[in-house]
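This report concerns only the one structure given below.
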Amino acid sequence: MVLIPNSNEEKDEIMKQLKDSGAVCVIAGAEQLETVKTAIDEMKLFSQDAIKLITLNMGKVNINSEGTVLFSDMVSDYVNSSELSVLRRKHSNPDDLAFLPYSSGTTGLPKGVMLSNKSVLRNLLQIGISEITPFTETAGQHQEVLPAIIPFYHIYGLTLLMTQSLIFGSKIVTLPKFEPKLLLDTLKFQQVMV
């Protein structure tokens, strides 16, 4: 299980989600890195299981913590892939858990929402119908460019922006937070068409 926490969550809520989900890996942006690192460090007091932390270094953080991997290092040729063995694909069934996003807690405390492989795939197939989708597959010199203004911990960001973009081979430009000027500059500079 890979956990993508909401950037507004506190250490105790992240620890609850780590315990509840059995996460082996957490993906965190710069704005939540210290909170997530603290939660993982405190989890070590209760469990011997190592939790990997993958982060995007946007020039704002100094990464030198054991168990922390920069995303850019992870995808480079120099990464020791044995350190990432927990992320290797395992055989799965349609009813197996695909995602466990945590709700915003509008009816109480946040809780994990179990989404199966089958339900996620069906949703992606619905979105991918040519009469509905704004995406076209990457081919030749064409590649869709999408600004990710909704975070990936949000179900829309996870399914439509990230997963659907991967299926179509689209380029995803992540924005650390919504700011009108940053979005307009990104639309212009990245030549966004969708």
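Nothing in this text is a laboratory measurement; each read-out follows from the coordinates by a stated rule. Just so it is clear, the structure is predicted and the values come from calculations on it, not from any experiment. Cβ placement follows ideal geometry from the backbone for every residue including glycine, while neighbour counts extend to all protein chains displayed.
Each residue of the stretch 140-154 was assigned a 3J(HN,Hα) from its phi angle through the Karplus expression (A = 6.51, B = -1.76, C = 1.60, θ = phi - 60°), giving x, 8, 8, 8, 5, 10, 10, x, 8, 8, 9, x, 6, 6, 7 Hz with x at Gly and Pro. Label positions at residue 133 and residue 111, each projected 7 Å from the Cα along the C-beta direction, are separated by 3.3 nm. Partner lysines whose Cα lies under 30 Å from the Cα of residue 181, excluding those fewer than 8 positions away in the same chain, are identified as 60, 171.
From the largest down, the stretch 109-194 spans 38, 36, 18 angstrom on the principal axes of its Cα atoms. Modelled this way, with points 7 Å down the Cα-to-C-beta line, the labels at residue 190 and residue 156 are 1.6 nm from one another.
Dipole magnitude for the stretch 115-193: computed about the Cα centre from +1 point charges on Lys and Arg Cβ and -1 point charges on Asp and Glu Cβ, it is near 180 debye. Residue 124 to residue 177: FRET efficiency via 1/(1 + (r/R0)^6), r the Cβ-Cβ distance, R0 22 Å, to the nearest 0.05? After rounding, the FRET efficiency stands at 0.25. Amide H contacts for residue 174 (H built 1.01 Å from N in the peptide plane; partners 5 or more residues away or on another chain; cut-off under 5 Å): 148.
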